[in-house]
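A short worksheet on the structure shown next.
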Amino acid sequence: MTIVTELDRLLDEADARQREQERRKAIANGVFQAHRRRIEANPNAHPLARARVRFRDGLTVTELSERSTVAPRVIAAIEAGDQSASDRTWQRLSRAGRRASG
């Protein structure tokens, strides 16, 4: 195999990987937008869930967890109404949200 054809093959592979990444991002964005619409349309949605999807590009539970140091299972339980949050937890979530939207 010549150097030129090997380079072409590598460039084609890189292009294919790039297209696949873009496709996955588009799918993830579509799923998130559908989730955002469901949350915003639900009058009974927890305020934390509403706030989370309204940030700049929205935050996943995992992203909010990483920024706030509140466990993802705790955030999900608060949003589901299965658990109430302490004042300290609300402070952490609030600070994480301000950093995300700024």
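Derivation of every value follows stated rules applied to the coordinates shown; laboratory data play no part. Predicted, not measured: the structure shown is a model, and the values here were computed from it. Because the Cβ atoms are built from the backbone with ideal geometry, glycine has one as well, and the counts that use them run over all protein chains shown.
A compact table of results
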item: Cα-centred dipole magnitude for the chain, charges only on beta-carbon of K, R (+1) and D, E (-1), debye, nearest 20; result: 700
item: Distance between modelled label sites at His35 and Arg23, nm, 7 Å Cα→Cβ extension; result: 2.2
item: Size of charge dipole - the stretch 1-41 - debye, nearest 20, with Cβ of Lys, Arg +1 and Asp, Glu -1, no other charges; result: 520
item: Label point distance in nm, Ala71-Val4, each placed 7 Å from Cα along Cα→Cβ; result: 6.1
item: Efficiency of FRET between Thr62 and Asp12 - r from beta-carbon atoms, R0 25 angstrom, step 0.05; result: 0.15
item: Euclidean distance between Cα centres, the stretch 47-95 to the stretch 17-31, Å; result: 26
